[in-house]
Amino acid sequence: MKQRPMDQTPWMSPPDFGRSLKIGIGFNLLVTDVARTVKFSTEVLGATATYQDVDFAVLRACGSEWMLHADHTYRDNPLSGIIKGIEARGAGVELRLYGCDPDIAVAEARAGGWTVLAGAMDKPHGLRESIIVDDDGYVWVPGIALQKDRDA
């Protein structure tokens, strides 16, 4: 059941938005509070909210785009039974955002009261990354490529 005010219309129609998604992988996160998740995404991940209302948001960062849907919009969707009562969603999934500075993300997460599971670290696989958990329990891994001569 949508809660968006009748006088508020999205920046483009849902069918037009759907047709705009042409290649690559995309993801949609079901969230308890769209505004709160947009705040996390903009402050910690440096994302831009292309569109946001109480039901839905589209976010962009580092060349990626993803969607948020409020739980109440999925009441008639088969997925609603899976997420009902789940505190930490996406268990076992890392949402990796390449090109997002992990040092900045950690500082913003700590300042905003979000959970930092691992601070920014240089990893042997050539990335500097951190692990941060948002309010719905989704695990985000912002990361940047290490320069070859960084330690030289």
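The figures follow:
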read-out	value
Any chance ARG19 is farther than 25 Å from VAL139 by Cβ, modelled with pLDDT under 75 and not in a loop (DSSP other than H, G, I, E, B)	yes
Subset tally (residues that are open to solvent by 50 Å² or more (accessible area, probe 1.4 Å), of a type outside the set (A, V, I, L, M, F, W, C) and either within 25 Å of ASP7 (Cα to Cα) or touching a Cys at 6+ places or on another chain (Cβ under 8 Å) (or both)) for region 33-54	6
Unmet criterion (only one of (1) at positive phi; (2) under 13 Å from the mean Cα position of the chain (by Cα)) for SER41	(1)
Within region 87-123, tally of residues that are open to solvent by 80 Å² or more (accessible area, probe 1.4 Å) and either of a type in the set (A, V, I, L, M) or modelled with pLDDT of 95 or more (or both)	6
Cross-chain or 6+ apart pairs with Cβ under 7 Å, region 27-49 first and over 24 Å from ALA120 (Cβ atoms), then among the polar types (S, T, N, Q) and open to solvent by 10 Å² or more (accessible area, probe 1.4 Å)	VAL34/GLN52; ALA49/THR42
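The values are calculated or read from the model by the stated rules, or taken from the named source; none is laboratory data. Here the structure is a predicted model, which means the values were calculated and not measured. A quick note on method: Cβ atoms are made from the backbone with ideal geometry, for glycine too, and the neighbour counts reach across all protein chains shown. These accessible areas exclude ligands, DNA and RNA; they are computed on the full protein's heavy atoms, side chains included. Shrake-Rupley method; radii C 1.70, N 1.55, O 1.52, S 1.80 Å.
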